[in-house]
1. Exactly one of these conditions fails for Tyr90: (1) surrounded by 16 or more Cβ atoms within 10 Å (Cβ to Cβ); (2) under 18 Å from Met24 (Cα atoms); (3) without any contact (Cβ under 8 Å) to a residue 40 or more places away in the chain. Give me its number.
2. Restricting attention to the range 39-58, which residues are within 23 Å of Arg26 (Cα to Cα) and in contact with a helix residue (DSSP H, G or I) (Cβ under 6 Å, 6 or more places away or on another chain)?
3. Across the range 94-110, what is the total count of residues that are over 12 Å from the mean Cα position of the chain (by Cα) and open to solvent by 30 Å² or more (accessible area, probe 1.4 Å)?
4. Of Glu7, Glu85, Glu36, which residue is out of contact with any helix residue (DSSP H, G or I) (no Cβ under 7 Å at 6 or more places or on another chain), surrounded by 13 or more Cβ atoms within 10 Å (Cβ to Cβ) and of a type in the set (D, E, K, R)?
5. Every residue in the range 108-122 that is under 25 Å from Ala66 (Cα atoms) and either polar (S, T, N, Q) or without any contact (Cβ under 8 Å) to a residue 40 or more places away in the chain (or both), please.
6. Could you check, for the range 71-81, whether at least one of its residues is open to solvent by 70 Å² or more (accessible area, probe 1.4 Å), free of Cβ contacts under 8 Å to residues at least 40 places away in the same chain, within 19 Å of Glu140 (Cβ to Cβ) and in contact with a strand residue (DSSP E or B) (Cβ under 8 Å, 6 or more places away or on another chain)?
7. Looking at the range 10-33, which of the residues that are among the small types (Gly, Ala, Ser) and closer than 26 Å to Lys52 by Cα is most open to solvent (accessible area, probe 1.4 Å)?
8. How many of the residues in the range 111-129 are under 13 Å from the mean Cα position of the chain (by Cα) and either surrounded by fewer than 16 Cβ atoms within 10 Å (Cβ to Cβ) or modelled with pLDDT under 95 (or both)?
Amino acid sequence: MPEISREIIVKATLQETWELVSDMQRFSLCIPGCKEVRTISETEFDWKLETKVLRTTRKATARTRAVKMEPPTHAEFVGEGRLFERSNHYKLTITGTTDLEAMADDQTRIIFTGDVRASGLGGAVIEKVAAGQMDSLFEEFESNIKKALE
């Protein structure tokens, strides 16, 4: 899947926004399809997700690690995981950043940048289908973030 970059403006202070996006338990509730996040250490987390790909639901697991945290404006994450199908699985490589910028009237701009790559024979197909679904997933994600903060 090509790198994505999306921006959200929320009606919340910089600190309130940072507290949400840096708390993986709270933040996971905003991610469409996230079924569980488990804290492994202060910087490592195991994720269980389910998502529709075409007409079927796929399950994915991933372990992410915060590689840079600069409160309250910047975070970087990397991770590896697996996307499971009936008879196959694909290795996922995940990278992402979150940048926050204070704006007037207690608003905050959130910029998410991420990249998820799938390996294996069908990895390119998985990436293409996922890229086509990204807009609708991000709309739901944006709505969830705003509800959590406002």
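1. (2)
2. Once the filter is applied, which keeps residues that are within 23 Å of Arg26 (Cα to Cα) and in contact with a helix residue (DSSP H, G or I) (Cβ under 6 Å, 6 or more places away or on another chain), the range 39-58 yields only Phe45.
3. 9
4. Glu85
5. Across the range 108-122, the qualifying residues are Thr108, Thr113, Ser119.
6. No, because not a single residue in the range 71-81 is open to solvent by 70 Å² or more (accessible area, probe 1.4 Å), free of Cβ contacts under 8 Å to residues at least 40 places away in the same chain, within 19 Å of Glu140 (Cβ to Cβ) and in contact with a strand residue (DSSP E or B) (Cβ under 8 Å, 6 or more places away or on another chain).
7. Restricting to residues being among the small types (Gly, Ala, Ser) and closer than 26 Å to Lys52 by Cα, the top hit is Gly33.
8. 5
The values are calculated or read from the model by the stated rules, or taken from the named source; none is laboratory data. Note that the structure is a prediction, hence the values are computed from the model and not measured. Every residue, glycine among them, receives a Cβ derived from its backbone with ideal geometry; neighbour counts consider all protein chains shown. Protein only, heavy atoms only, side chains kept; ligands, DNA and RNA dropped before computing areas. Shrake-Rupley method; radii C 1.70, N 1.55, O 1.52, S 1.80 Å.
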